[in-house]
Each structure stands twice: as C-alpha cells, then as structure tokens.
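Here the structure is laid out as structure tokens; the discussion comes afterwards.
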Amino acid sequence: MYAGTTIFSQLMEHLPWHHFHRCVDRYRGNHKVKEFKCTDHFRVMAFAQLTYRESLRDIEACLRAMRLKLYHMGIHSTVSRNNLSNANEMRDWRIYAEFAQMLIVEARRLYADEDLAVDLDASVYALDSTTIDLCLPMFPWARFRRHKGVVKMHTLLNLRGSIPEFILISDGKLHDVNVLDYLVPAPGAYYLMDRGYLDFKRLYEIKTSQAFFVTRAKDNFTFQRRYSRPVDRTTGVICDQTIMLETFYSLKAYPEPLRRIHFYDPEEDSRLVFLTNNFMLPALTITKLYKARWMIELFFKWIKQHLRIKVFIGTTPNAVKTQIWIAIATYLLVAILKKRLGIKQPLYTILQILSVSLFEKTPILQAFQSWDYETEIQETHNQLLLFV
C-alpha cells in the first residue's frame, strides 16, 4: 500500500517554489502576516481551480471536511472565508502574475519541439483578446457599457503547445491595437492578428524588429500595385501582389512595400485579403498560417469552460486579477506536468482526474495510467444458487 504524499502535494512539487518566494519578497506579500501566508493562499486557490469550487463558502466547507489532510497538502494555516477574502483583496496580484510568467518560460522550453499546423522552423504567435463578463452592480469599476461590465484578457499564444506567452488583464475600454505597445517582437517570429490590430505604425515597428506579421486588410483599404506574382488559382489563391500604401498618413506610417494575398476559402465560401511583410514564403503557406490563428479562439473557449474565471469569489480589481492569474498558473502547471511525466491524455482528461483524486495517496503517474481500469468480478464457490 502506498503511504506517501497526496496527489495534490505531488502536483505542487512541480512548481519552482524558490521563484515564488522571490516574487513574494519583491512585493512584500507576507509583510505583517502571521498566518495564511502567500504559499497557503496560492495552494487554496489552486485547489479551488482544480476541484471547480465557485464560492468562499464552497472552498471553506470542502477543506474543513478534510482538515486532517491539509498539513500534508502543504496548507499550514486555518482556511476560513475571512482569511481567503482578505488575501484576495489585499495580496498584490503581481505576485501571482510574475510567478505565472516564470511558469510560461518553463512551459515554452518543454513545448519547444511541438509540431505546428504549418511546416515552419520559427516561432509562431497568435494575438487576440477575450472578454469576461462581470455583474456591473457588483463590479462597478469594470464599466464597459451602460448596463454591462467586463474585463479583457489580451493573450499572445505560442502555437507550439498552446502556451500563453504574454497576458494582459485590462478593462473593457482598452482597444486591442494598444496591446501592441506592450509587446517586444522577437526577430524571425511570426505574429498572426485579425483586423482589429491593423495599425500601420505599429506594424512597421514589428517589421523593423526583423519579425513578421500576417493580418487581414479592411474593406476600405486602398493601395497601389507594384508587382503581381503568378499563382495557381486551383489552390484558392486569387492573386499575390507587392503593393505600396496610397493614403498620406498610412504611407508615412509604413513607407515600405507590403505583400497582399487575395484568397478564396471554399469551405466558408468567403474571400479573404491578407497583408504581410514576408515575401519569401509561398502564398498558400501564408494563408495556412493565418488559419492556424484559430487555435487562440479554441484556447479562450477551453479556459472559460475548464477554469474558474467566469465566477469570481472577490469583487475588487485585485481579487479578480489574482483569481485570473492563479487560474493561468494552474493551467500552466498541468501543461508542465503533462510534458514532464509523458502523460498521453489531453489536458481536459487530466483536469477531470485531478478533480476527484487530489486527496488520494497514490503515485501521481499511476492515477493517469489506470484511468481506463475495469473492475474484475471474481466468482466465489460459497455463493448459494437461487435456482437449481
């Protein structure tokens, strides 16, 4: 019989706690705190994410029912609604944001060899945002419209392994294109964006950083054609052109040639116009690259369905950002665990298994290897027959 640590403790061992303590010291997270320190706070919130708890009362009831096992889970303080509420409100959310950034670095290293939808030896990123709806009377600081409150999660997703490379939590009024000011383009990387990020001055900064972008043109886009390359229309590519911008301010913002690709998508029966500063890749490869941008939409859908970021257990901006960043750190932790242990199941299955087995004392890898186990029913000769 295995008499070691719980699965939750084994999962927490994959976290770089020395980095976590540095983040805590940097923002003085434990200043004048006698109990329920930042490590306990993170573990409790991670437990809530993994077991789908949705309120302070819910978390308190579950953990107090297992209070004899809390010490062995690494939770050394009393878990109460008051302690958890105060921690969410008062602890600086940047502690968990910075810690999540460290997990991003580790996850990026582990998933560096993952295959892409396009055969391309380069880093490919998709940039987009999603809104998280909030109840305006409870979150008056998140006003978006007259009767609606939201926060935006701007994400730069590494398409190798669907690992978020950069995340910015903002109010709903921040326009998507402004997020480009926060990015530091990596030379040789590809950035995939929709029309909401079409700003020629910012796109030119990506070009001068020796990186590449692929985006879509707007309907009122005007240009001068310089050159047309021969294309195979049977592939869906209608034209492949080298162009210059025509309007004064656009040309001033982006004074160099652009590549314009007109593509017909038979699946959606739609025509798409792409703009890029890459003149080397085939036109069809550019279209496939932009199609791979859909992975970020799947990422947003996945985290909204499987992480606790639609129901918040605090109403202040600090509490909301704390919960979102710990949710992201939990997602990254599960992704790191999957790669380190070589688990074949998808992240959804891993989360479902963890949600019902955190208190079990079994080797964590065994929990995933025996997930399709069937109970064997043995016959006994001592059982009397009902009918002869």
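Observations
- Inter-part distance, region 61-86 to region 1-44, computed on C-alpha centroids, equals 13 Å.
- The amide H of LEU70, built 1.01 Å from its N in the peptide plane, has no neighbour under 5 Å, considering only residues 5 or more places off or on other chains.
- Proximal charge balance of TYR125 [Cβ under 13 Å; K/R count +1, D/E count -1]: +1
- LEU136 long-range amide H proximity, modeled H, under 5 Å: GLY149
- Candidate cross-link partners of LYS361 among the aspartates and glutamates, defined by an alpha-carbon separation under 15 Å and a same-chain spacing of 8 or more, comprise GLU13.
- Given R0 = 56 Å, the distance between the Cβ atoms of HIS31 and GLN210 translates into a calculated FRET efficiency of 0.80.
- Proportion of all alpha-carbon pairs of region 232-377 beyond 26 Å (%): 56 percent
- Among PHE144, PHE248, PHE200, residue whose mean-square fluctuation peaks in a GNM of the chain (springs only between Cα atoms under 10 Å): PHE248
- Nearest 10 degrees, 0 to 90: helix 317-341 Cα axis against the chain principal axis: 80 degrees
- Table column - 3J(HN,Hα) (Hz), region 126-142, Karplus curve with 6.51, -1.76, 1.60, x for Gly and Pro: 10, 10, 6, 9, 9, 9, 10, 6, 10, 7, 4, x, 8, 10, x, 6, 9
- Under a 5 Å amide H cut-off, with hydrogens placed 1.01 Å from N, THR78 pairs with PHE36 among residues at least 5 apart or on other chains.
- Neighbour counts of other Cβ atoms within 10 Å put CYS38, CYS239, CYS135 in the fewest-to-most order CYS135, CYS239, CYS38.
- Theoretical gain in end-to-end length, GLU13 to ALA186 [0.36 nm per residue, Cα-Cα removed]: 59.1 nm
- Residues in region 139-172 that a label on GLN345 would reach, taking backbone N under 11 Å of a point 7 Å out along Cα→Cβ: none
- Computed FRET value (nearest 0.05) for ASP115 with LYS301, which takes r as the C-beta separation and R₀ as 22 Å: 0.55
- Qualifying GluC sites (Glu not before Pro) in region 17-103, where qualification requires a DSSP coil assignment and no more than 16 other C-beta atoms within 10 Å, comprise GLU35, GLU54.
- Relative intensity, log₁₀ I(q)/I(0), of the chain from a Debye sum that treats every alpha carbon as a point, q = 0.07, 0.09, 0.15 Å⁻¹: -0.42, -0.64, -1.33
- C-alpha long axis of helix 94-110 to longest principal axis of the chain, angle in °: 80 degrees
- Computed over the chain, relative contact order equals 21 percent, with contacts defined as Cα pairs under 8 Å that lie 6+ residues apart.
- Per-residue HN-Hα couplings for region 224-238 [Karplus 6.51, -1.76, 1.60; θ = phi - 60°; Hz; x = Gly/Pro]: 10, 7, 9, 7, 10, 8, x, 10, 9, 5, 5, 7, x, 7, 8
- Residues of type lysines that LYS37 reaches as a straight line, Cα spacing below 23 Å, ignoring anything fewer than 8 places off in the same chain: LYS69, LYS321
- Sites matching trypsin sites (Lys or Arg not before Pro) across region 215-250 that sit in DSSP coil, with at most 12 neighbouring C-beta atoms within 10 Å: LYS218
- Qualifying trypsin sites (Lys or Arg not before Pro) for region 123-205 [loop in DSSP, other Cβ within 10 Å: at most 15]: ARG146, LYS173
- PHE248 versus ASN82: modelled label distance in nm, points set 7 Å from Cα along the beta carbon direction: 6.7 nm
- Tail weight of P(r) past 15 Å, computed on alpha-carbon pairs of region 207-279, percent: 57 percent
- Rounded tilt (10° steps) of 294-306 against the dominant C-alpha axis of the chain: 20 degrees
- Stretching the chain fully between LEU174 and ALA61 yields a gain of 36.8 nm (0.36 nm per residue, less the alpha carbon separation).
- In order along region 270-280, phi translates into HN-Hα couplings of 9, 10, 10, 10, 9, 10, 8, 9, 9, 10, 9 Hz, rounded to whole numbers, per the Karplus curve 6.51 cos²θ - 1.76 cosθ + 1.60 with θ = phi - 60° and x for Gly and Pro.
- Spatial offset of region 124-157 relative to region 233-279 amounts to 31 Å, using the alpha carbon center of each.
- Cα-centre dipole for region 207-279 with unit charges at Cβ (Lys and Arg positive, Asp and Glu negative), debye to 20: 400 debye
Each value in this text was obtained by applying a stated rule to the coordinates, not by laboratory testing. Since this is a predicted model, take the numbers as computed values, not measurements. Counting neighbours? That spans all protein chains shown, and the Cβs are built from the backbone with ideal geometry, glycine included.
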